[in-house]
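A quick write-up on the structure given underneath.
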């Protein structure tokens, strides 16, 4: 894994048409941000609705009650707010080839725009790419929601519940772009394909019978196709 300070370099070359690379079309920036924002608002509401339904069901059965006078433990809440972005990006990286430990996995720290992200300089199969994009939503929102459901019936620390609740909700807002990207890839990219990025644009190519994909264009700086998760 390598670290880069500043923005992701933008190359000027694009794959040539005769090499059978196909562009993955996406909505305009404004429409993309709007759709990602709507998805980001919908996911926490769905999670809250689920937990509310579980709480009502548990209360009717006389379990899972918490005193309204219990003070909110702000430490776990602040910890969840501080950690969810780094953990989110590290989970992305874990699904890169070699668990994100290869030099092709790059962590980007961009202080000027208050951004922190990860990308992979190379290609990966559509299946791996889809799992990589959706993994933080499952791990940081889905699993906490499941644990909080269980905690309605199994006594546990209130501080732990607060930590999981905050982590679940704030991470539920963030993956709007991930969900939108997954939908776009499912609609355009065949199951047997590899996905790569160049100059900030996404491309796919069918996997040959040998299972290997040759590189038809090279980065002006790193000599590799760039696959970004930002």
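Summary table
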item: For segment 164-207: relative contact order, % (alpha-carbon pairs under 8 angstrom, 6 or more apart); result: 25
item: Cα pair distances exceeding 22 angstrom across segment 81-213, given as percent; result: 45
item: Per-q log10 I(q)/I(0), segment 88-147, q = 0.25, 0.26 Å⁻¹ (Debye; single scatterer per alpha-carbon; no solvent); result: -1.02, -1.05
item: Net length gained if the chain between residue 109 and residue 127 were fully extended (0.36 nm per residue, minus Cα distance); result: 3.8 nm
item: Shape call, segment 125-169: gyration tensor on alpha carbons, a/c limit 1.5; result: prolate
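Readers should treat all values here as calculations from the given coordinates under stated rules, not as data from a laboratory. What you see is a predicted model, and the numbers here were worked out from it, not measured in a lab.
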